[in-house]
Amino acid sequence: MKRNLIVLAVIVMALVGMASAANYMYEKSSVKGVGYRSLEMVISTESGFNGQKLVEKQSGSGNVITSRIEMEAERQPTNLDCAWPTGSFPMDYINFTSEQELEYMPVSYQTGTYDQKWVDKLCVQNYKIGAVLTEMYTHAEHLQKTTEVKTRGYNNQSVTPCCTGVLEANLNSNVIGVAHIGWISRDPMADGQLKGRHAEYGRSVEDLTGVFSIEKFIQLWGNSTCGAVSVDWLPCV
């Protein structure tokens, strides 16, 4: 009986350890070929309107010359003392990079004909600092782009007393089609004087239709001191 109780205690301790462990997600892919493609990636570090969110959707028919995606995400564990090594920053984060070269053309198979110009949509939300980024291409006959995004929220004010989070993006693209790129910065706390709405501090929205070469660097910080603790981007190889 005593031995059974000891075994049960060990199992309970193991389950508690698993419950407090960090939720780590990683994916790296490389796709080439000709045909129809549909891709959806949804990442969330916390439930509800909290943490970091990323949604990537792509679909279209034709020649996939290059398609490389690397994603790394981790939610902040509940037990910071046990889960984070000394000297590291307690945070939840998403690192994302996408390298695409796509050309449109109709393709036919025994299952049917696929005739869709390329669509590539990316939305990244950082609820910790009230920032969102959208990069979207539709009706694309040709799309060549490299996107690097990192978003993170710091949750230990003793380590990062002023910086609450970071959303940074480096966008470089050549497109024949329609492009939409924008970002919004809002106060994470609802304002009673605005009837519960969140005050808006900044907005940038750009829509393009035609043949364009686009380069943008976007940096949204929770505080100007964030540069001191910003983590270097881990590049794809």
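Show me the ranking of peptides 115-124, 28-37 by mean Cβ neighbours inside 10 Å, starting with the highest. Walk me through the numbers on the way to the answer.
Details: 115-124: 19.9, 28-37: 12.6.
Ranked from most to least packed, the peptides come out as 115-124, 28-37.
Using the Karplus relation 6.51 cos²θ - 1.76 cosθ + 1.60 with θ = phi - 60°, the per-residue 3J(HN,Hα) values for the stretch 105-120 come to 6, x, 10, 10, 9, 4, 7, x, 10, 10, 9, 9, 5, 6, 10, 9 Hz, with x marking Gly and Pro.
Between Ala199 and Lys57, the FRET efficiency from the beta-carbon distance, with R0 = 22 Å, is close to 0.15. Packing, as the average of other Cβ atoms within 10 Å across residues, places the peptides 141-152, 102-113 in the order 141-152, 102-113, highest first.
No lab work stands behind these numbers, since they all come straight from the coordinates. Quantities reported herein were computed from a predicted structural model and do not represent experimental measurements. Cβ: placed from backbone, ideal geometry, glycine included. Neighbour counts: every protein chain shown.
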